[in-house]
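Quick notes on the structure that follows.
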Amino acid sequence: MTKLLNVQISKNAAPEGWGDDNQLSITADGFTIHIGDLSLEASLPLIQSVARKIQGMGVNQVNVQGDWDVEQQWSFYLGLVTAKGGQSVAWLANDSKELDARKKSYDWTREMTNLPPADLYPEALANQAIKFIKELGGDAVSHSLVVGDDLLEAGWIGIHSVGRASSFAPALLSLDYNPTGDESAPIEYALVGKGITFDSGGYSIKSSEGMLAMKCDMGGAATVTGALGLAIMRGLNKRVRLILCCAENMIAGNAYRLGDVITYKNGTSVEIVNTDAEGRLVLADGLLHATEIGAKQIIDAATLTGAAMMAVGSDYNAMFALDDAMADRGLAAASKEFEGAWRLPLTKAHQNNCPSAYADTANSRPQKGGGMGGASNAAGFLSRFVNEEGSNWLHIDLAGAFNNNATGKYAAGATAMGVRTIANLLAE
């Protein structure tokens, strides 16, 4: 058996010879991270970045030792793990229940998001989500799955339009977690996730470089599923509906085209001016479904726009709401869970920022990236598919969900940022 290297934290400076400002020292027994007099919150990015350095030395299994806060242990794990896997941290015993729950939900979310698109097509994503939540929720879980042309009969025009050109059929998963056992129990939350398992951009085709990472475009579906899983492991006793909008955006003779007009269940007609603005088209179906089943509160999550990434960077997710109280709750939940989140502008006027001469709205603006304010305009589009005032609805644009390349805090690949925020909201 390989001996685990110990890692401890210290408020003292590194020993002489390591340098006054060095944050890491090494002995034959293991590593010491020198955090000085930093507050808990300020110590977390430092610990995560040092964990990246330790993993870069080829160290994959460690044992935390000494006086660690639960959040410090978790930050170390986030910095240590890679897409190839094989890393582990032996937690302090008193914190193991919470940390094991986080690890299970985060590892699942990251694994799904990092899988090659040939391995995770729309139905496979839906079935993986069913399996994961069923394992945690048991008999409290039931589901329905609408696939392929049956989507048209059910009225889910957005998912069908985006996914019909792929050899892998599009699908809408509606999973019911009902721990009450009461079929008439209210649905306290609906979680709606964008599940684009690969995004070529359609006829608004992406560049080769831009397409390379598009296995991650189902990160929203993975995030809301991981969040539900974490909430269940934390003792969730509310009824929640998980809605995954799954499709592969490909090019073929039957693909949806620029200039097409599609009409949703609520009567909203949409002109397609950019087939690469497909995420909002599938989410619209999910939001309509959440509304028609009477969910009291709706949270959607999606790797939706490059504009959000430009606005907030990769250390934050962007939040949007017409309901100020819902936005405040989302930001508070992110803060409690030590996840970065920042609110960006959204008013009802944003619904009209993608005008069309042929339909109620276009799905974007006919220019690269959707033009100025693209993330807010996308959120404005989505707001057409919830209640009139947008009350009790929160949209999360997952700017921090995936990194093409390693950063100072994360290895390349999925981060699962947002899982804890949404799980916290479910517990309120």
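Things worth noting here:
- Evaluated at q = 0.20, 0.23 Å⁻¹, a Debye calculation over the C-alpha positions of region 1-61 (equal weights, vacuum) places log10 I(q)/I(0) at -0.78, -0.99.
- Angstrom value of the Kirkwood radius, inverse mean 1/r, which spans all Cα pairs in region 122-195: 13.5 Å
- Rg(Cα) / (2.2 N^0.38 Å) computed for region 178-244, rounded to two decimals: 1.52
- Considering helices alone, the calculated mean residue ellipticity of the chain at 222 nm is -10500 deg cm²/dmol, with DSSP H runs of length four and up weighted by -39500 (n - 2.57) and normalised per residue.
- Share of pairwise Cα-Cα distances greater than 16 Å in region 187-298 is 64 percent (whole percent).
- Accessible-area ranking of 348, 11, largest first, probe 1.4 Å: 11, 348
- Surface exposure of the chain, expressed per residue as accessible area with a 1.4 Å probe, stands at 40 Å².
- Extent along the principal axes, Cα only, for region 346-405: 41, 32, 15 Å, with the longest axis given first.
- Cβ-based net charge around residue 117, under 10 Å, with every Lys or Arg adding one and every Asp or Glu removing one: -3
- Relative frequency of Cα-Cα separations exceeding 15 Å in region 294-351, percent: 54 percent
- Percentage relative contact order, region 156-277, counting C-alpha pairs under 8 Å, at least six apart: 42 percent
- Kirkwood hydrodynamic radius (C-alpha pairs) into Stokes-Einstein, region 255-340, 10 °C and 1.306 mPa s, D in µm²/s: 104 µm²/s
- Added length on full extension, which subtracts the Cα-Cα distance from 0.36 nm per residue, residue 404 to residue 427: 5.1 nm
- Principal-axis tilt of helix 70-80 within the chain, Cα atoms, nearest 10 degrees: 80 degrees
- Reference-scaled alpha-carbon Rg (2.2 N^0.38 Å with N residues) for region 139-181: 1.40
- Calculated P(r) tail over 20 Å for region 315-428, as whole % of Cα pairs: 48 percent
- Its relative contact order, with pairs defined as Cα atoms under 8 Å and 6+ residues apart, puts region 74-180 at 24 percent.
- Surface listing: 402, 338, 381 arranged by accessible area from highest to lowest gives 338, 402, 381, probe 1.4 Å.
- Accessible surface for residue 214 stands near 30 Å², nearest 10, in the context of the full protein assembly shown (1.4 Å probe).
- Portion, in percent, of the accessible area of the chain that falls on carbon or sulfur, probe 1.4 Å: 50 percent
- Across the chain, Cα pairs under 8 Å and at least six residues apart give a relative contact order of 17 percent.
- With the whole protein complex present, residue 160 retains an accessible surface near 20 Å², based on a 1.4 Å probe.
- Once the Kirkwood radius over Cα pairs is known for region 232-377, the Stokes-Einstein relation at 37 °C and 0.692 mPa s delivers a diffusion coefficient of 192 µm²/s.
- q = 0.13, 0.15, 0.22, 0.24 Å⁻¹: log10 I(q)/I(0) that the Debye formula gives for region 41-139, counting C-alpha atoms only: -0.55, -0.70, -1.14, -1.24
- For the chain, the mean projected area of the C-alpha convex hull, equal to one quarter of the hull surface, is 21.3 nm².
- Here the extension length gained between residue 184 and residue 16 equals 53.7 nm, from 0.36 nm per residue of separation less the Cα-Cα distance.
- In nm, spacing of pseudo-spin labels at residue 118 and residue 203 (7 Å Cα→C-beta vector): 2.9 nm
- Part-to-part distance (alpha-carbon centres) for region 295-338 and region 90-136, which is given in Å: 21 Å
- Förster-model FRET efficiency, 30 Å R0, residue 338 and residue 154, C-beta, rounded to 0.05: 0.15
The values are calculated or read from the model by the stated rules, or taken from the named source; none is laboratory data. Just so you know, these numbers come straight off a predicted model, no measurement behind them. Because the Cβ atoms are built from the backbone with ideal geometry, glycine has one as well, and the counts that use them run over all protein chains shown. SASA here: full protein model, heavy atoms, side chains in, ligands and nucleic acids out. Shrake-Rupley method; radii C 1.70, N 1.55, O 1.52, S 1.80 Å.
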